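Derivation of every value follows stated rules applied to the coordinates shown; laboratory data play no part. This is a predicted model, so every value here is computed, not measured. Note that we place each Cβ from the backbone using ideal geometry, even for glycine, and neighbour counts take in every protein chain shown.
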């Protein structure tokens, strides 16, 4: 990685990226030569720190043109594959090496935020496989496990290619296993959560996978009772509250709309969330009392 990073930085400087002018000599491409790497841990961490600094999202936006050149050079050098190889060598039981993994994930997040379309290439260079392996590792929950989950979510967002890859890597089973670890025996065997309308579970794209995994236990295919109550706050509370605020400045693009939604959700008071949870518990109790029939006339 040390050699390849220097080569990438040279490529960027050769294309006149202003922050890289000090790198002036070509280095061999270790990806093409497939030569074994040899570097000290200290040198490796310096390379990671340098890449993290260069890909800091604020730094990238200071010079859009230069940032494009840098990202092009990193992707051309297959930097994600090299970063994955690097993380596989690290022992997260060692504090410094765990920090190296965290900083490496930060590099990938910065690149994905600046250029979302690189997520497909990153996933195919071994990143998704590493993330799934890290998520299911029998280790105490820590910052790296949380960060790995966040990066996986970024890879899957609005990306059907990566969602297909998740299925090919048995990633759905991995995620379900992690979820089951958080449930007690009663929740696993008897727990149901009802949601009306078409959901991701019944989309044409995912239904075959779900039937393969759960056979005739997929309850989403059944018909819902008339006026079946939907007990999810985002449908009957959240969007009704946010809609006027989100459209206040008349967003012109999907990205503007997403940004408005994120900003408004970020400032929801904790007291309001607590009230929402309490109200949801009341809905559950009423639903049980009415044996699943319509209960909203009692609210």
What FRET efficiency do you get for residue 157 and residue 243 if R0 is 22 Å and r is their Cβ-Cβ distance, rounded to the nearest 0.05?
0.50
Roughly how many nanometres apart are two label points built 7 Å out from the Cα toward the Cβ at residue 63 and residue 89?
3.0
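Determine, from the Cβ-Cβ distance of residue 183 and residue 41 and an R0 of 51 Å, the FRET efficiency 1/(1 + (r/R0)^6), rounded to the nearest 0.05. Let's see the in-between values first.
Numbers: r = 39 Å, r/R0 = 0.77.
Efficiency, rounded to the nearest 0.05: 0.85.
Just order 171-178, 119-126, 283-290 by mean Cβ neighbour count inside 10 Å, highest at the front, would you? Numbers along the way, then the final one.
On the way: 171-178: 15.1, 119-126: 19.5, 283-290: 13.6.
Order by mean packing, descending: 119-126, 171-178, 283-290.
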For segment 110-192, alpha-carbon Rg and Dmax in angstrom
14.1, 44
Along the Cα→Cβ direction, 7 angstrom out, place labels at residue 284 and residue 50. What is the inter-label distance in nm?
5.3
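Hey, what's the Cα Rg ratio for segment 38-197 versus the globular rule of thumb, 2.2 N^0.38 Å? Display every interim value, and only then the final one.
On the way: Rg = 17.5 Å, N = 160, 2.2 N^0.38 = 15.1 Å.
Normalised by 2.2 N^0.38 Å, the Cα Rg of segment 38-197 equals 1.16.
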Segments 141-153, 81-93, 263-275 sorted - mean Cβ within 10 Å per residue, highest first:
81-93, 141-153, 263-275
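Want the number for residue 168 to residue 117: 0.36 nm per residue separation, take away the alpha-carbon distance, what's left?
On the way: separation 51, 0.36 × 51 = 18.36 nm, distance 2.04 nm.
Full extension from residue 168 to residue 117 adds 16.3 nm.
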In what sequence, highest mean first, do 46-54, 157-165 appear when ranked by Cβ atoms within 10 angstrom?
46-54, 157-165
